[in-house]
Amino acid sequence: MRSAWGQGYATEAARAALKDARVRLGLSEVIAYTALENLRSQVVMKRLGLRREPSRDFMMDYDFGPWHGMVWVACFS
C-alpha cells in the first residue's frame with residue numbers, strides 16, 4: 001500500500017527474514033531480486049547490506065515482454 005511506503009516496514013520485515021534464515025534455518029546465503037526500475041527495493045537491499053551480483057542477473061519472458069531480474073546476495077559467516 002502506498003500509505004505504508006517510506007515507513008520502514010519493508011526493511012524491518014526483510015531484516016527479520018534474514019535473521020530467521022541465518023539463525024533458525026542455518027542458511028549461509030540468501031538471494032533476493034528486484035526489477036531494474038524498482039529503486040525503492042534496491043535501497044532496502046543496500047540498507048540491509050546485501051551486495052549486487054550482476055553475474056546472477058536473469059531475464060524472464062512474460063506476455064508483456066522481457067523482465068530483467070537484478071540479483072542481490074546476503075552472505076552469513
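The table for this structure:
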| quantity | calculated |
| --- | --- |
| Positions within segment 1-39 being loosely packed, with under 12 Cβ neighbours inside 10 Å and of a type in the set (S, T, N, Q), in sequence order | Ser3, Gln7, Ser28 |
| Cβ pairs under 8 Å, 6+ apart, first in segment 56-72 and touching a residue at least 24 places away in the same chain (Cβ under 8 Å) and within 10 Å of Tyr33 (Cα to Cα), second polar (S, T, N, Q) and part of a strand (DSSP E or B) | Gly69/Thr34; Met70/Thr34; Trp72/Thr34 |
| Qualifying positions in segment 40-62 - over 11 Å from the mean Cα position of the chain (by Cα) and loosely packed, with under 12 Cβ neighbours inside 10 Å | Pro54, Ser55, Phe58, Met59, Met60, Asp61, Tyr62 |
| Some residue of segment 51-59 being outside any helix (DSSP H, G or I) and more than 17 Å from Val73 (Cβ to Cβ) | yes |
| Test: residue in segment 63-74 that is part of a helix (DSSP H, G or I), loosely packed, with under 12 Cβ neighbours inside 10 Å, among the small types (Gly, Ala, Ser) and over 14 Å from the mean Cα position of the chain (by Cα) | no |
| Restricting segment 30-53 to residues that are without any contact (Cβ under 8 Å) to a residue 24 or more places away in the chain and of a type in the set (A, V, I, L, M, F, W, C), the residue that is farthest from Ala10 (Cα to Cα) | Leu39 |
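Each reported figure results from applying straightforward, stated rules to the coordinates on display, with no laboratory input. Remember, it's a predicted structure, so these values are computed and weren't measured experimentally. Heads up, the Cβs are rebuilt from the backbone with ideal geometry, glycines too, and the neighbour counts pull from every protein chain shown.
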